[in-house]
Amino acid sequence: MRATVAALIRKDLQLERRSFESVPAMLMFSVTAFVLFHFGLDRGALAGDLASGVLWVTLLLAAVLGMNRLFVAEREQGGFDGFLMAPVDRTALFVAKAVVLFAFLCAVELVAVPAFVVLLLEPGIGQALPELLAVLVLANLGIAIVGTLIGALGVQTRARDLIIPLMALPLLVPVVIAAAEATAPLLESGGADPFPVRWLGVLALYDAVFGLLAYAVFDFLLEE
Amino acid sequence: MTFGRGLRALSIASAVLITGAFALVFFWAPNDADQGFVQKIFYLHVPLGIVTLCGFVAGGIFGIQHLRTGERAHDLRSYVAIHIALVLAVGVLITGSIWARASWGQWWVWDEPTLVSFLIVFLLYACYQPLRFSIEDPERQARYASVFAIVAGAFVPLNFLAVRMAESLVHPRVLSTTGGAMPGEMRTTFLVALVGMACLFVTLWKYELASKSASIQLRSLKRRLAGDDGLAPLSRSAAPQQL
């Protein structure tokens, strides 16, 4: 299982390194969205819950772009058939794809969050960085799990690009609620407010529930 | 597959219960001291909401059974449960809006977690039919729809938890919908309305199942008589077309 997952991850990362299909697009989208929010809200700098909302909505919509592309190569280049013919555990594909999406999200945030701080954020986030990282990691995990499941569900439909966002966005509302609520006090101007740890609990619960659920049902999406 | 069993008894029971519930609402239950007559929409709105959410979860449970056993009848059950719940959900949103307008003065209130969670669940389930519609292979359609029904069914309680947490610590709950503080007459009326609504849901569900399975069987009989060429091709549909 571990070797299979590693091989699948290696394949996807190599594919991304050669084609640059997902991460640059997600990144461009995020930065463009920040610019749009600047003009849409007509604000030079944001703080507190407004900043946290803008950041999370942007990251979520950027993640949807990644979900849309996640299984396209499998579908169009016969990757599903190849994988099904190999004598390996089918859950390996789920784990590998979730890890890849998680890695994509981290890569995007590595640039998008600093860009957000420079472009839109009023206070610095130096002192609140560890808390922000914890929120980012837990939220990315949830987005990666749900995104992989919905990506696999949607890629076989005829209206892939429509169906995936329509299904994924309502499912990810709890992630946005928890992540935005947890981030808002960190971005207050004039020093961070106390960090609401219970939202990390909500994120962790969400990740655990959907992780188990996806683990249980993913096999059924691959049967031929 | 006979889905029509017990349909007559169920129909009579739900007709009696729903009529009885409305009679109780209009002639027996007291007017709310605060909100007056308009509060009586509560006896329609809340049972409808509860039954709708149970219908969504039931769709998920039938989805699990479909994936476990591979029987297409479970997929049909799951589809019809979600389909009817979706229709009732529109009613919940409309009655909820009317009530909100009457008692809070606004058509929509973001502070009320139950309202917001319900909208999110509704938006999620609104994708169920498009998802089915856009998968052509019937076997895959059934399988994928079951996966969606399971995931969404599990999402219902989790979503309510998250949205309630986001609001309830800032705003106290304005209304307790569980009826803990209701006087006896109101509670009896509410319970009758709830049972009546549940009965109505099951009746509608069985009617739709019977109708769907009858047309599926009719089609297979026609095929046996006339052969594949004698049948008009199936138009694409979100509903299961085979058993």
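The values are calculated or read from the model by the stated rules, or taken from the named source; none is laboratory data. Just so it is clear, the model here is predicted, and its values are computed rather than measured. Methodologically, a virtual Cβ is constructed for each residue, glycine included, from the backbone with ideal geometry; neighbour enumeration extends over all protein chains shown.
Listed residues A:L101, A:L129; which is modelled with pLDDT under 85, farther than 26 Å from B:R236 by Cβ and assigned to a helix (DSSP H, G or I)? Step through it out loud before you land on a result.
Values: A:L101 fails: modelled with pLDDT under 85.
Just a single option satisfies the conditions, and that option is A:L129.
How many residues does the range B:1-56 hold that are outside any helix (DSSP H, G or I) and not acidic (D, E)? Even if it seems obvious, please write down each step before you answer.
At the first step, the residues of the range B:1-56 found to be outside any helix (DSSP H, G or I) are B:1-6, B:28-36.
Keeping just the survivors that are not acidic (D, E) gives B:1-6, B:28-31, B:33, B:35-36.
Residues meeting the conditions: 13.
Going by the structure shown, is A:I150 under 25 Å from A:A216 (Cβ atoms), touching a residue at least 60 places away in the same chain (Cβ under 8 Å) and more than 9 Å from every other protein chain (Cβ to nearest Cβ)? Taking the combined requirement at face value, the residue does not satisfy it.
Is at least one residue of the range B:82-104 within 14 Å of chain A (Cβ to nearest Cβ), without any contact (Cβ under 8 Å) to a residue 60 or more places away in the chain and surrounded by fewer than 17 Cβ atoms within 10 Å (Cβ to Cβ)? No, the range B:82-104 has no match at all.
Would you please name the residue that is nearest to the other protein chains (Cβ to nearest Cβ), looking only at residues in the range B:118-139 that are surrounded by fewer than 17 Cβ atoms within 10 Å (Cβ to Cβ) and outside any loop (DSSP other than H, G, I, E, B)? Can you show your working first?
Filtering the range B:118-139 down to residues surrounded by fewer than 17 Cβ atoms within 10 Å (Cβ to Cβ) leaves B:123, B:126, B:130, B:136-139.
The next check asks that each one be outside any loop (DSSP other than H, G, I, E, B); those that pass are B:123, B:130, B:138-139.
Values: B:L123: 5, B:P130: 6, B:P138: 13, B:E139: 9 Å.
The extreme case among them is B:L123.
Rundown of residues vs (1) farther than 17 Å from A:A144 by Cα; (2) surrounded by 22 or more Cβ atoms within 10 Å (Cβ to Cβ); (3) more than 8 Å from chain B (Cβ to nearest Cβ); (4) β-branched (V, I, T), yes/no style:
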site: A:L162; (1), (2), (3), (4): yes, no, no, no
site: A:A168; (1), (2), (3), (4): no, yes, yes, no
site: A:V175; (1), (2), (3), (4): no, yes, yes, yes
site: A:A178; (1), (2), (3), (4): no, yes, no, no
site: A:L187; (1), (2), (3), (4): yes, yes, yes, no
site: A:V197; (1), (2), (3), (4): yes, no, yes, yes
site: A:L200; (1), (2), (3), (4): no, no, yes, no
site: A:L213; (1), (2), (3), (4): no, no, no, no
site: A:E223; (1), (2), (3), (4): yes, no, no, no
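Identify all residues within the range A:1-51 that are in contact with a strand residue (DSSP E or B) (Cβ under 9 Å, 6 or more places away or on another chain) and modelled with pLDDT under 90; write none if there are none. Correct list: A:A45, A:L46, A:A47, A:A51. Test A:A73 against the stated conditions and say whether it is in contact (Cβ under 8 Å) with a residue 24 or more places away in the chain, closer than 28 Å to A:L213 by Cα and small (G, A, S). Against the criterion (in contact (Cβ under 8 Å) with a residue 24 or more places away in the chain, closer than 28 Å to A:L213 by Cα and small (G, A, S)), A:A73 qualifies.
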